[in-house]
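Pasting in a structure now, in structure tokens, and then I'll have a few things to ask.
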Amino acid sequence: MLVDSLGLPSISATATMPGRPKKILFVTDINHVLRNESAHIYRVSWDKLNTIVNFADFDSMAVNFGVRPLNIPNPLEESLCRAWATILSNGGIIICHGVSSKSAPRKLLELEWDIRPFDVSRAPFQANTPPCLRCYLDRVVICNESINFYNIHNSLFRGNQTEYKGRVTSYGTVFGLYYEGRNKSSLAILPPTGKGPPEDDAAVAKFFLDVDLLHPLPEWIQGLRIPEEIDILQELERDQHALTDLQSRIAEHEAKLSTERRWYQLLYADGPALESIVKEALEFLGARVIEASSEKEDWRIEVPGHIVAIAEIKGTHNPVFGSPAIRALAGWMDEFIVREDFEPKGVFIGNTSRKSAPHTRGKLIDGGSISLAKARKMTLLRTMDLFAAVVLKKLGRLDCKKFWSAVFTCIGEFNASELHEQLPEIHRLNSSLHSSSSHPPTEDAA
């Protein structure tokens, strides 16, 4: 049996005592044993996997799904699942690599896949991507599918985990995930590197388990030193510390950049995302924004020195909004009058032609609806004009009192030409300084 030929012991509970070498199982395409002072690596091929008596005897497990047979027997898969739960509960590591929509077993990993093509080089890292995951994903040369991390239902941690996102596509999906439990256990889900199973195994061993599979040194080498080796090791240690610091700073910059770029949603978002960023923008400009108590209202806006405003926020890919949107806002204003016994200011905030460049967009509503908006003394405000106000405020060039006075006294379309003219050239939405690569991708772009 493979257990005997590889020297796999029948491990008892005493094998988990502190100080013993870690026992790591690699499920891959070869059979081999590697032992050193810190770890015993048992590499077992998929076709011999059924000879393992007790998977839970191992501290950690790395499973290469890129080389597995098409069908795993149900009892074997269920045994693996139980072993994973045991290993994780004991603070171990589970690494699933070579994972794709074709190779991922549903009993072990419930993943929702997105197979739209995207450019790997444009997929950014999340700020909280751990170094081991970052190093592995840096080796990925091609990845034609990604994972919807909002629909992962893995109960191995029993809800007691932190989710780390790897490289993030413009669809909001990822390729490469890392979960970490409070007991320092972790579960990684990794795509193939595109360089073959041996490279995948080696990368996993190096970055997640600190083991060299390609060129392992004999145990007795550890106490020897070549003359220049000491200097090299010291330089390597210094560079590794410097790299860690650099990666930390890069992560901070990426997080700040992602936070700052949220304002671009004023130019392309719709639905709840648009409502959220508009609310944030209004508050940034000095308003108090209250989510409506009635399901028919969107937001109530309060600005010192002005009457209460009822706001409707909408986005569309169409060039203009029609009368239904304006009539709905008028109806909600009437409901407010009945409840509060005074007429509020109506403010319609819209994002039309959201899939087109801002400078190509026209009026907010069609001509036939202007008279209704003016009759109810509504202000029609484009989100791109709100974007200009936010940029000016961040530059210290916006008089917020003057801005709000203009909004509340406006009847009909808000004239934002002065706002856009005050913007420096680099910040203007029709600036010739902008290149196609200088804008962040939207959710509509690959």
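Derivation of every value follows stated rules applied to the coordinates shown; laboratory data play no part. Everything numeric here is computed off the predicted structure, so don't read it as measured data. We place every Cβ from the backbone using ideal geometry, glycine too, and count neighbours over all the protein chains shown.
Please sort 220-227, 131-138, 416-423, 194-201 by packing, taking for each peptide the average over its residues of neighbouring beta carbons within 10 angstrom, highest first.
By packing density, highest mean first, the sequence is 131-138, 194-201, 416-423, 220-227.
Taking the Cα centre of the chain as origin and charging only Cβ (+1 Lys, Arg; -1 Asp, Glu), how large is the dipole, in debye to the nearest 20?
The calculated dipole for the chain is roughly 780 debye.
Can you tell me the order of 315-323, 116-124 when each peptide is scored by its average per-residue count of other Cβ atoms within 10 angstrom, highest first?
315-323, 116-124
For a Förster distance of 56 Å, can you work out the FRET efficiency between the beta-carbons of ARG339 and ILE142, rounded to the nearest 0.05?
It comes out at approximately 0.40.
Grab the beta carbon distance between GLU228 and ARG249, set R0 = 45 Å, and tell me the FRET efficiency rounded to 0.05.
0.90
Right, something else. Most exposed first by the Cβ proxy, i.e. fewest other Cβ within 10 Å, how do TYR264, TYR164, TYR178 rank?
Lowest to highest Cβ neighbour count: TYR264, TYR164, TYR178.
Is the stretch 356-424 best put as rounded, prolate or oblate by its Cα gyration tensor, with a ≥ b ≥ c the root eigenvalues, rounded for a/c under 1.5, and otherwise prolate when a/b is larger than b/c, oblate when not?
oblate
Could I ask something else about it? In the chain, what % of DSSP beta bridges are antiparallel (nearest 5)?
Taking every DSSP beta bridge with both residues in the chain, the antiparallel ones total about 45 percent.
If I take all pairs of Cα atoms in the stretch 263-427, what percentage of them are more than 24 Å from each other?
That tail contains 29 percent of the Cα-Cα pairs.
Tell me, in nm to one decimal, what length is gained between GLU219 and ASN183 on full extension, where the rule is 0.36 nm per residue of separation less the Cα-Cα distance?
Difference between extended and current length: 9.9 nm.
To the nearest 500 deg cm²/dmol, what mean residue ellipticity at 222 nm is calculated for the chain from DSSP H runs of n ≥ 4 alone, each contributing -39,500 (n - 2.57), summed and divided by the residues?
After summing the helix terms and dividing by the residues of the chain, the value is -10000 deg cm²/dmol.
Another one. Could you point to the residue in ASN318, GLY396, CYS410 farthest towards the positive end of the chain's charge dipole, with +1 and -1 charges on the Cβ of Lys/Arg and Asp/Glu respectively?
CYS410
Net charge near LEU177: determine it from the other residues with C-beta under 13 Å of the C-beta of LEU177, scoring Lys and Arg +1 and Asp and Glu -1.
-1
OK, next. Running a GNM on the chain with Cα contacts under 10 Å, which residue among LYS374, LYS206, LYS345 ends up with the highest mean-square fluctuation?
The residue that fluctuates most here is LYS374.
In percent, what relative contact order does the chain have, based on Cα pairs under 8 Å that are 6 or more apart in sequence?
Averaging sequence separation for qualifying contacts and normalising by length gives 10 percent for the chain.
In the stretch 278-358, what GluC sites (Glu not before Pro) fall in a loop by DSSP, with at most 11 other Cβ atoms inside 10 Å?
Passing sites in the stretch 278-358 are GLU295.
While we're looking at this one, here's another question. Once R0 is set to 22 Å, what does the formula 1/(1 + (r/R0)^6) return for the Cβ-Cβ distance between LYS402 and LYS377, expressed as a FRET efficiency to the nearest 0.05?
0.65
Whole angstrom only: what separates the Cα centroid of the stretch 377-433 from the Cα centroid of the stretch 335-363?
That distance is 15 Å.
GNM, the chain, Cα, under 10 Å: largest mean-square fluctuation among PRO105, PRO75, PRO192?
PRO75
Loop-only GluC sites (Glu not before Pro) in the stretch 26-115, please: DSSP not H, G, I, E or B, and at most 16 other Cβ atoms within 10 Å.
GLU37, GLU110, GLU112
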